[in-house]
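The values are calculated or read from the model by the stated rules, or taken from the named source; none is laboratory data. Just so you know, these numbers come straight off a predicted model, no measurement behind them. Because the Cβ atoms are built from the backbone with ideal geometry, glycine has one as well, and the counts that use them run over all protein chains shown. These area figures cover heavy atoms from the full protein model, side chains too; ligands, DNA and RNA do not enter into them. Shrake-Rupley method; radii C 1.70, N 1.55, O 1.52, S 1.80 Å.
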Amino acid sequence: MQKKRLINFIQTRTGFFILLVSLFTLKYIFAAYHDFNLGINDPYQHFIMWLSPIGTATLLFSIGFYFPKPLVSYGVMLLMDFANTGLLFANVLYYRQFSDFITVKTIANAGKVAPGLGKSAVALLQPSDLLLWLDLIIILILLCSHKLQVDQHSYGLLTPFAASTVGVLILVTNIFLAETSRPRLLGTTFDRSYVVKYLGIDTYTVYDAVKNEQTEQTNRNANAADLNKVLTFTKQSKLPINSQYFGKEKGKNVIVIHLESFQQFLINLKINGKPVTPFLNSLYNNQHTISFANFYHQVGVGRTSDAENMLETGTYGISDGSLFTSLGSSNVFQAAPQILHENGNYTSAVFHGNASTFWNRDDVYKNMGYNYFFDQKYFSNAKSDTLGYGIKDKLMFDESIKYLERMQQPFYSKFITLTNHTPFDMDKEDLDPAFQTTDTSDKSINNYFETAHYLDQAVKEFFDYLTKSGLIKNTMVIIYGDHYGLSNSENQTLAPIIGESADTWNSYNDVQMQRVPFMIHAPNLKGQIKKEVAGEIDVLPTLLHLLGISNQNYIQFGSDLFSKQYQPWLVFRNGTVVSQKYVIIGGKGKKGDVYDRKTGKQIINFTKQEKIEINALAKKAKKSLKYSDLLNNHNLLRFYTPVGFKPVNPEQFDYLTNYQQMEDIITKLKTNSTALISRHHGTTTKLYKTDAPQLKNRSDDITKIPADVKNNQLSQQKKAKNKDSKK
Ligand code: GP9
Ligand code: MN
């Protein structure tokens, strides 16, 4: 009886419509679990994902409902279903190949990708794909054979309208739930897969199209005249070189160690009588390290990606999101990897244990000219080896060696650490029993010292390897903290631990907490601790000059810190300005409050001279951000190619075959190969010593190349196993 009623219901137009929506939803949920790696890890997220296809499918299919003619109405509903299934199917195939979702830009550039994809498209098909089309095939057969009747009633406008309204309501609920689970999901997208996870493929596609159109619109409104304004402005920051430092590290390898969430106050800090970071302390004071005591991060909401952007390009992040995710796929970059490639034949690589899509790195790095990107896929994904965003730092460094030693020298390589990331969790086995952390009411603070201590040990192990392998002799190591780890709301609890008072804590102290380490270490450098204020924006010009590459023709907003004419000042992304003399609070703080930077005293009555200086600084800072935004938001570098620079062709990079590419080059170059493994006549991985407990009783050799890396089969299977590695 029940069955009969159901069949009768399906024979109505409303029933048919609900059938299509339900079947599509089921297919979508199947694909989401079977084909995508969305990192869904709590029941609430599962629920949101199930909901995500319903709103848009209801809305789309309801269009067919508005047509009065029964056949047309059914036809349009089916057409919408076909189109929506096609979009899902295309994403499934694309994801299998690229571990990413299709963007509007990808579609626009389909011509460039299609030839490669075409060949492999058939190979990408799996029997399960049939499930995505099966419902439509059966429905068509049933309709054609009249087993399923077309409802001949006329429905007017009310029912279709009700159907669309339900669709809109579900969609709004979906967006609301997504925002509660992941605040500012759409405001500051950091990963396409997050948008898909919470809002589904359809909403993601519309969102991406709108974003793309906004970018194009802005680009259309820009012209070369804007570029000249930027060029004129950045000329001011170009300072005469200091011959004592210019070219001092010419031809050397460069290793950048990106210390996640690492703040300067950790340096030389003791907790319960023990230093938190003994190794970094020793490096800070090392006779061959130039350290900066007053180096500030300048990131905005793009956090890590903003820090990376400043270091790679010498331009600021944007004011309203992450430049990497908003503009990184489309903008033209003149970034360190390509500059070094063109001026010194450097090979470049990034090592980072998170998924390649995070912060849109897979696109951005190609546009910057990075030869290789070793992401999550290249590292162990055993449960005990990963935490939070990805592989634990000690293992990341250890497992990187087999790749690093295969890079042709000189290389420019960046290691982005992860373990010291909020909420600073650690597995018990990784804790150092000899180090006792604080016991404050704030768990993050207590945890922070433990993860920082762990990171310190990881960096030490890596340095020991650099020394043993001899790499240190021809390498310049740059170490920096990307941004704060503890937020301003935690500073008062932290105050007594760092010898400050919670009662007198103010915005000046918050600004001082934004200091992060910046150290340059090389055997031929004379160590010193510099007191001048500086910021992340200054790293690239400084680095280029140390390598003997003039930054004269590049558009960069920072200055060479070693120039005798360096004027110490910097601006935060929120507008706060720091100079040698002043801290001028901007952004959300009490606007305009000015402090004496050295004493921390607020300046209330300004002398005439102070007023002039402060106004000039504020004006310069504002202009600096303004012109950087003009440059980046309008993609102005497409109008400008400096002498000696070759624009990057991102198409030449394929991060799925890094290992094979390096091997091929070594084979081709034979005795001319400059890779460490060639020079050393064998692997150096055995020189790496770590106390990581995960490796103690492991029978398989972690230094071995994983089979899928070796055979270039880095793909779905490995990713699928990796479900819990995302936040
Ligand atoms: C993610 C890692 C952390 O891959 O770089 O990013 P953050 O949250 O610090 O921006
Ligand atoms: Mn970070």
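Find the eigenvalues of the gyration tensor of the Cα atoms of the chain, then list the square roots of 5 times those eigenvalues as equivalent ellipsoid semi-axes, largest first, in whole angstrom.
Working: eigenvalues 464, 185, 140 Å².
The three semi-axes for the chain are 48, 30, 26 Å.
Taking the charge dipole of the chain about its Cα centre, with +1 at Lys and Arg Cβ atoms and -1 at Asp and Glu Cβ atoms, the residue from Pro496, Ser559, Ile138 reaching farthest to the positive side is Ser559.
Evaluated with a Cβ-only charge set (Lys, Arg +1; Asp, Glu -1), the chain carries a dipole of roughly 1080 debye about its Cα centre, given to the nearest 20.
Give me the aspartates and glutamates in straight-line cross-link reach of Lys704: C-alpha distance below 14 Å, same-chain residues under 8 apart excluded. Correct list for Lys704: Asp398, Glu399, Glu405. Near Leu570, once Lys and Arg are set to +1 and Asp and Glu to -1 for all other residues with Cβ below 12 Å from its Cβ, the sum equals +1. The string of couplings for segment 323-332 from the Karplus curve (6.51, -1.76, 1.60, θ = phi - 60°) is 4, 4, 7, 6, 10, x, 7, 10, 6, 8 Hz, one whole number per residue in order, with x for Gly and Pro.
Grab the Cα-Cα distance for Ile137 and Asn474, subtract it from 0.36 nm times how many residues apart they are, and report the gain in nm with one decimal. The partial results should precede the final answer.
Details: separation 337, 0.36 × 337 = 121.32 nm, distance 6.42 nm.
So the extension gain works out to 114.9 nm.
Mind ranking 272-282, 239-249, 600-610 by how tightly packed they are, going by the mean number of other C-beta atoms within 10 angstrom, highest first?
Descending mean neighbour count gives 272-282, 239-249, 600-610.
When the pairs Lys428/Lys460; Lys250/Lys686; Lys473/Lys710; Lys392/Lys530 are compared against a 24 Å limit on Cα-Cα distance, Lys250/Lys686; Lys473/Lys710; Lys392/Lys530 fall above it.
In segment 2-219, the portion of solvent-accessible area held by carbon and sulfur atoms comes to 74 percent [1.4 Å probe, whole percent, DNA, RNA and ligands not counted]. Between Thr671 and Asn242, the C-beta separation translates, for a Förster distance of 45 Å, into a calculated FRET efficiency of about 0.70.
Given the -39500 (n - 2.57) contribution per DSSP H run of 4+ residues, what per-residue ellipticity at 222 nm results for the chain, rounded to the nearest 500 deg cm²/dmol?
Details: 25 runs with 329 residues, N = 727.
That calculation yields -14500 deg cm²/dmol at 222 nm.
Summing charges over all other residues whose Cβ lies under 14 Å from the Cβ of Gly86, with Lys and Arg as +1 and Asp and Glu as -1, gives -3. For the listed residue pairs Lys526/Lys564; Lys468/Lys670; Lys394/Lys414; Lys394/Lys443, the alpha carbons are over 19 angstrom apart in Lys468/Lys670; Lys394/Lys443. Look at the alpha carbon pairs under 8 Å that are at least 6 residues apart: their mean separation over the length of the chain gives a relative contact order of 19 percent. Mean separation of Cα pairs under 8 Å and 6 or more residues apart, divided by the residue count, gives segment 261-563 a relative contact order of 32 percent. The share of C-alpha pairs in segment 261-563 whose separation exceeds 26 Å stands at 45 percent. Taking a ≥ b ≥ c as the square roots of the eigenvalues of the Cα gyration tensor, an a/c ratio of 1.5 or more together with a/b no larger than b/c marks segment 199-265 as oblate.
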